[in-house]
Structures are given as structure tokens and as C-alpha cells.
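Here is the structure we will look at, set down as C-alpha cells.
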Amino acid sequence: MRLDKLLANMGFGTRKTVKTLLKAKEVTVNGIVIKDGKSQVDPDKDKVVVAGEAVEYQEFVYFMLHKPQGVVSATNDNLHKTVIDLLAPKDQVLDPFPVGRLDKDTEGLLLLTNDGTLAHNLLSPKKHVDKCYKATINGIVNEQDILAFKNGITLNDGFNCQSAELDILSIDVDAEQSIIQVTIHEGKFHQVKRMFEAVDKSVTYLKRLSMGNLKLDETLEIGKYRQLTEEELSSLTNE
């Protein structure tokens, strides 16, 4: 890889900024000052240092985000703040993107990465990766709804959903409101909301708790993110 590309990718500035660093003799490769950005380096073997700071090469990034409401699951949007806008500039350098999407008014677990292979595996309909949600429902969820979800809900547009696990966590009869947990094995557009619409109820709050083996870190504040642990990443690659 070209030295200037490596440094730009690792957040040391634009190619122009990197060129200035090179001219100022601030960059060494294996202890030797390098001034030519076209010089080839092996990121996995060569020791690159910029102004005394060792460059830790990272091809892929994996972030767990506790997505807040009001933010769209996109890399850019002309009208709304995106999940990428929540990342520090240094973490935006390698162009991570959201794996799947959560609606603007939905919060919870969202994986951000630039690993296209992992994203494809998690989103592929053939994989049937589980997605678990907690939701507040306008209406009293009952055993009939649980059975309907288990048998496969038919949405109002005629689409037949796969079997889903619906659990009732609590019911407020006076408010005619239910708190539930539901696990689905596919990821159609607005699927959870549409499933409840099909049984004449509506979702007023929705939060994703897990995606496959990856569970939301509940100590992670809404709007905050962190890198996946090696154990978490391994659990995803073994899906």
C-alpha cells in the first residue's frame, strides 16, 4: 500500500496534509525517514511512525451503536442527522456503514462496519439471523396474538412472515397498553410495526435488543458507541 494512502486512511489527514508531514520529515518506516508518499509499505509488517506516534493499521472497523430516536440509519442524508454523524471523525475515516437499518423513531442495537462480507452474511435472507426487539404496544396483546405470530403473520399487503416468538412482559389494562418482546428471523421494511398492524394493534415504542449473537450492551448510553470486543466479533463471524 502507498504510504500516503495508509496515513490518510488511518486518520492522519488528507493526502495534502500527509504530504506536509512527509516533507517535514515527521514520518519514519522501520526507523528510516521517508519523504515520498508513493513509497510502498506493508501495513502488517512495517513499523510506521508519525511524529512519534506508531500507526496501528486497521482494515476493518466494527462498532456497536446504541442508536437514539430521531437519527436515520444511513451514511448520509440531506435532511436528518445520520448514525455516521454520531461517530468521531477518526472513526469515520474507513467509511463504516450501518448493517441493516432501524427506523428513525426506533432505538437500540445497530452494528456499524466497513466489512461488506460480514454485513452480507448478517443480512442475507438465507441466513435467517434472529433480531429481538422490545416494544410498547397500543392494545392488549393476548394468547391469540402469540399463536398468530408463531404460525406466521400475514401482513396487510399479503406478505407471509416466518414464525416469530412473541412474549408478553406486562399489560396495563387501564391504559390498554402492552409491553412485549418479539424475535423475528427476517428483516422486512417496518416488519415489527406491520406485524402488529395485522392484528389491529400499533407499536408506540420500539427498541432492538439483539441481532444474531450480538446483544446490546445496556451500559452503553443512548447515542454512544464502542468497538466490538473480540468475543462479540467472533460470535458474529460464527453465525
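The values are calculated or read from the model by the stated rules, or taken from the named source; none is laboratory data. Since the structure is predicted, the reported quantities are computational estimates derived from the model, not experimental observations. Quick reminder, even Gly has a Cβ in these numbers, built from the backbone with ideal geometry, and neighbours come from all protein chains shown. All accessible areas refer to the heavy atoms of the entire protein, side chains included, with ligands and DNA or RNA removed. Shrake-Rupley method; radii C 1.70, N 1.55, O 1.52, S 1.80 Å.
So residue 29 clears everything in (1) surrounded by fewer than 16 Cβ atoms within 10 Å (Cβ to Cβ); (2) at pLDDT 90 or above except one condition, right? Which one?
Residue 29 satisfies every listed condition except (1).
Could you please find all residues in region 10-31 being in a helix (DSSP H, G or I) and either touching a helix residue (DSSP H, G or I) at 6+ places or on another chain (Cβ under 6 Å) or of a type outside the set (Ser, Thr, Tyr) (or both)?
Listed by number, the residues that qualify are 15, 16, 18, 19, 21, 22, 23.
Within region 50-87, can you find the residues that are more than 25 Å from residue 117 (Cβ to Cβ) and open to solvent by 30 Å² or more (accessible area, probe 1.4 Å)?
If the condition is that a residue be more than 25 Å from residue 117 (Cβ to Cβ) and open to solvent by 30 Å² or more (accessible area, probe 1.4 Å), then 51, 52, 53, 54, 69, 70, 77, 78, 79, 80, 81, 85 are the ones that fit.
Please verify whether region 96-107 includes one or more residues that are part of a loop (DSSP other than H, G, I, E, B), open to solvent by less than 20 Å² (accessible area, probe 1.4 Å), out of contact with any helix residue (DSSP H, G or I) (no Cβ under 8 Å at 6 or more places or on another chain) and closer than 20 Å to residue 226 by Cα.
Yes, there is a match, as at least one residue in region 96-107 is part of a loop (DSSP other than H, G, I, E, B), open to solvent by less than 20 Å² (accessible area, probe 1.4 Å), out of contact with any helix residue (DSSP H, G or I) (no Cβ under 8 Å at 6 or more places or on another chain) and closer than 20 Å to residue 226 by Cα.
Tally up the residues in region 164-175 that are exposed (fewer than 13 other Cβ atoms within 10 Å of the Cβ) and either in contact with a Leu (Cβ under 8 Å, 6 or more places away or on another chain) or in a loop (DSSP other than H, G, I, E, B) (or both), please.
So the count comes out to 3.
Criterion first (in a loop (DSSP other than H, G, I, E, B) and aliphatic (A, V, I, L, M)) does residue 199 satisfy it?
yes
So, in region 185-239, of the ones that are on the phi > 0 side of the Ramachandran plot and over 14 Å from the mean Cα position of the chain (by Cα), which residue ends up most open to solvent (accessible area, probe 1.4 Å)?
200
For region 37-59, indicate whether the set of residues that are at positive phi, touching a strand residue (DSSP E or B) at 6+ places or on another chain (Cβ under 9 Å) and at pLDDT 95 or above is non-empty.
no
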